[in-house]
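Here's the structure, in C-alpha cells; my notes come after.
The values are calculated or read from the model by the stated rules, or taken from the named source; none is laboratory data. A quick note: this is a predicted structure, and the numbers were derived from the prediction, not measured. Neighbour counts run over all protein chains shown; Cβ positions are idealised from the backbone, glycine included.
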Amino acid sequence: MTERNSSPDQNIKSKDLESLWEFVPLADYHIPSLPARSAAATSWTSLKRIFRRVNEESRAAVKEEAKLRLFTQARLKYLVQPLNLTEAARALDSSLNEWMMAFTPDRSVKLVIGQPHGSHAEIVRQWGLRYRATPITPPTYKQIFTRDLHWFDSWPESDLPWVLPNLERCYLRHTSGLTLLRELFERSENGRLGRGLIGCDSWGWAYLQRVWPVPRPDALTLQAFDGQRLARLLTHLVVLRSNRRICFRNAKTGNDILTIPATNSAVPEEIVELAAHSRGNVGIAILYWRNSLRTEPDMEETNSDADKRMSEQGETEEERVWVSAKLSEPVLPIEADEDTALVLHALLLHGGMPASLLPELLPLSQYRCMAILLRLRNAGVVEWGQGCWWVAGLAYENVRSFLRGHDYLADGF
C-alpha cells in the first residue's frame, strides 16, 4: 500500500488534510459567518468587496490592477492544485464506518448530498473504490421517459455494495420523468437493492424531497469550509519549491493574506469573507481564489534564474502573488426574465442537461431555449461541455440569488 511506504512528513500532511474534511447530517451544516468588524457584513454585492479593505489614510492601491497579469496555466497549477479527493473519501468512510460494519443496518441505503461544484459525485465514486462497490450508471433519458424498469438489472445480485453518484441524473421534471426515481426510492427503502450509497446534488435533492416526502435525517453532507479550514486547504494546494517562500498579498492594500510556509496561525479576514461569500462551498471558494491570482509582468529575473541564485547563496526567495481586488463575478444579462429563470432552474435541478431536453421540460421552444443559453454563455453565466449545459461556478452565487429573488425552489444551503 502507498501509505506504508510514505514518509513521516507525507503521513502528517495526509492526516492534516483528512482532518479538513468532515461529513455531517444535513441539519448540522453551518454556513460560515462574516467577521463582526467586516464592512461586508452589512453590505455585500459582489466578490469585489472580498479584498477591498482599504487603509483609510491612503486610498491609492498598492498595485495597479491594470498592470498585473494572469498567471500562465502551467504556473497556476502549482499555486492551486486540483483537489485530491482521496482524503474526502476517507473522511466519508469514517462517517459511514458504523453503517458498513453493521450486519443488518437500520437503512440499507445511505445518501450524500452535495452543493454544485462541490465534487460530491467524485467523492462517492472514490468511496466506492475502497470497497470495490458496483458503480451504477444513471438511466438514459430515453429510459427515463419510457419508464424502463430494466435499468434495475444493473444492480449487483451479490452482497457487494453499490454506489450511485448522480441521483440528479436519474429523473426529469416531467410527468413521465419520475417513475424510475420513485421505484428506486421504494426498492431502496424496502431493502431490495442491498447496501448502497447514493450521491445527489443539493438542488435535485430539494426537489426530490417533494417527489418522495420521506424524511431522511441521516443524509450526510460535507461540512462547510470556514475561514480557518479554507486557509489550511489553500495552503496545502500550493506546490512549494525548495528555497522558496510564497506570499499572497492583497493587491489593493498590500497586506499579506497567506504566507507559505506560514509565519503565523492567524486567519486573514479576506479568507474568512471568502468562505462566507461561498457559503462554505469549497469548490466555489477555490474557483474564486484561483481566478483572483495575479503576477507582475517584466520581472527583472526569471524564476529559474532566481532559484539558481538563491540556491547557490543558501537563501530563501520570496515570491509575491497578488490577489486581485477587482475580480468580478459573471452577472446575468440585464434582460434576464422569467424564461431565463426557468432555464437556469432546470439546469440546477438536474445537475446540467443538453439543450435538446429543455423544451421537453419547459414551456419554451427549442430556439428560445438555445437563444437564452447562448446569451448566458456569452455573459459567462453558463458553460457547455461533455454534451451538457450547466451553471458556471463563478456565476453560481449570483444565479442562486436571482432564483431565490424570483421565489424559485432552492437548495437548503
Out of (1) surrounded by 19 or more Cβ atoms within 10 Å (Cβ to Cβ); (2) in contact with a Leu (Cβ under 7 Å, 6 or more places away or on another chain), the one Ala355 does not meet is (1)
Is the stretch 37-44 home to any residue that is out of contact with any Asp or Glu (no Cβ under 9 Å at 6 or more places or on another chain), within 30 Å of Leu332 (Cβ to Cβ), of a type in the set (Val, Ile, Thr) and modelled with pLDDT under 90? yes
Which residue, of Val238, Val214, is among the aliphatic types (A, V, I, L, M), within 29 Å of Tyr141 (Cα to Cα) and either at pLDDT below 95 or out of contact with any Ser or Thr (no Cβ under 9 Å at 6 or more places or on another chain) (or both)? Val214
The stretch 225-258, residues that are touching a residue at least 24 places away in the same chain (Cβ under 8 Å), hydrophobic (A, V, I, L, M, F, W, C) and not in a helix (DSSP H, G or I): Phe225, Leu237, Val238, Val239, Ile246, Cys247, Phe248, Ala251, Ile257, Leu258
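Kindly evaluate Leu193 against the criterion of being among the hydrophobic types (A, V, I, L, M, F, W, C) and not in a loop (DSSP other than H, G, I, E, B).
In short, no.
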Of the residues that sit in the stretch 163-190 and are among the polar types (S, T, N, Q) and in a helix (DSSP H, G or I), which one is farthest from Val109 (Cα to Cα)? Thr179
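Which residue is surrounded by the fewest Cβ atoms within 10 Å (Cβ to Cβ), if the candidates are limited to the stretch 149-205 and must be small (Gly, Ala, Ser) and closer than 23 Å to Leu96 by Cα?
Residue satisfying both the conditions and the ranking: Ser158.
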Within the stretch 138-148, count every residue that is acidic (Asp, Glu) and within 29 Å of Leu96 (Cβ to Cβ). 0
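Checking the conditions here, which among Leu208, Leu222 is in contact (Cβ under 8 Å) with a residue 40 or more places away in the chain and within 17 Å of Asp28 (Cβ to Cβ)?
Leu222
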Gln228 passes all but one of the listed conditions (1) at pLDDT 90 or above; (2) touching a Lys or Arg at 6+ places or on another chain (Cβ under 6 Å); the exception is number (2)
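When you scan the stretch 234-241, do you find a residue that is on the phi < 0 side of the Ramachandran plot and under 16 Å from the mean Cα position of the chain (by Cα), even just one?
Yes: the stretch 234-241 contains one or more residues that are on the phi < 0 side of the Ramachandran plot and under 16 Å from the mean Cα position of the chain (by Cα).
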Say whether the condition of being under 20 Å from the mean Cα position of the chain (by Cα), assigned by TED's automatic domain parsing to the domain that holds Trp289, under 24 Å from Ser33 (Cα atoms) and not hydroxyl-bearing (Ser, Thr, Tyr) is met by at least one residue in the stretch 251-262. no
For the stretch 230-250, give me each residue that is surrounded by fewer than 22 Cβ atoms within 10 Å (Cβ to Cβ) and touching an Asp or Glu at 6+ places or on another chain (Cβ under 9 Å). Arg232, His236, Arg241, Ser242, Asn243, Arg244, Arg245, Ile246, Cys247, Arg249
From the residues in the stretch 92-113 that are acidic (Asp, Glu) and within 28 Å of the chain's Cα centre (by Cα), which one is surrounded by the fewest Cβ atoms within 10 Å (Cβ to Cβ)? Glu98
For the stretch 374-395, give me each residue that is more than 10 Å from Leu344 (Cβ to Cβ) and either hydroxyl-bearing (Ser, Thr, Tyr) or assigned to a helix (DSSP H, G or I) (or both). Leu374, Arg375, Arg377, Asn378, Gly393, Leu394
Residue tally, condition assigned to a loop (DSSP other than H, G, I, E, B), over 14 Å from Ala219 (Cα atoms) and either within 18 Å of the chain's Cα centre (by Cα) or touching a residue at least 60 places away in the same chain (Cβ under 8 Å) (or both), over the stretch 114-148: 6
Just wondering, is there one or more residues in the stretch 305-328 that are buried (at least 16 other Cβ atoms within 10 Å of the Cβ), among the aliphatic types (A, V, I, L, M), at pLDDT 90 or above and closer than 30 Å to Val238 by Cα? yes
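Here is a yes/no grid of residues against (1) basic (Lys, Arg); (2) assigned by TED's automatic domain parsing to the domain that holds Leu92:
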position: Cys200; (1), (2): no, yes
position: Pro213; (1), (2): no, yes
position: Arg241; (1), (2): yes, no
position: Cys247; (1), (2): no, no
Taking the stretch 331-352 and keeping residues surrounded by 18 or more Cβ atoms within 10 Å (Cβ to Cβ), within 30 Å of Tyr78 (Cα to Cα) and touching a residue at least 40 places away in the same chain (Cβ under 8 Å) leaves Gly351
Do you know which residues across the stretch 250-302 are in contact with a Gly (Cβ under 7 Å, 6 or more places away or on another chain) and either on the phi > 0 side of the Ramachandran plot or modelled with pLDDT of 90 or more (or both)? Ile271, Val272, Ala275, Asn281, Val282, Gly283, Ile284, Leu287
